[in-house]
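Structure record follows, encoded as structure tokens.
The values are calculated or read from the model by the stated rules, or taken from the named source; none is laboratory data. Predicted model, so just to flag it, every value in this text is computed and none were measured. Neighbour counts run over all protein chains shown; Cβ positions are idealised from the backbone, glycine included.
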Amino acid sequence: MRWSEFADKECVNVMNGEKLGTFSQADLVIEPETGKITAILLPVGSSFLKRRSTEMEVKWQMIRKVGPEVVIIDSSVTQHR
């Protein structure tokens, strides 16, 4: 799947059904040694000039399902190293 296809999908938290927005303005966190995506920084909320007010870090392990229109995440998942 290309990022352009992924970016238009709505992000929904399975824990509370909250819509978090789309990934179109998100930033990727990439591990320099392997080139793997470890997290997506999803802007949550906006201000008058569409500036980001906060960011939610969506760890790759939090993604449960990528559907045709929605990405379902589980915010209760924590990453163990």
**Asked** Here are some residues: Thr34, Thr38. Which one is surrounded by 12 or more Cβ atoms within 10 Å (Cβ to Cβ), hydroxyl-bearing (Ser, Thr, Tyr) and modelled with pLDDT of 90 or more?
**Response** Thr38
**Asked** Applying the selection to the range 58-76, what residues are small (Gly, Ala, Ser) and without any contact (Cβ under 8 Å) to a residue 60 or more places away in the chain?
**Response** Gly67
**Request:** Go through (1) out of contact with any Pro (no Cβ under 9 Å at 6 or more places or on another chain); (2) in a strand (DSSP E or B); (3) at pLDDT below 90 and name the single condition Arg81 misses.
**Result:** (2)
**Asked** What single numbered condition from (1) modelled with pLDDT of 90 or more; (2) more than 16 Å from Ser75 (Cβ to Cβ); (3) part of a loop (DSSP other than H, G, I, E, B) fails to hold for Leu28?
**Response** (3)
**Prompt:** Quick one: in the range 3-35, which of the residues that are free of Cβ contacts under 8 Å to residues at least 12 places away in the same chain and over 17 Å from Val70 (Cβ atoms) is nearest to the chain's Cα centre (by Cα)?
**Reply:** Ile30
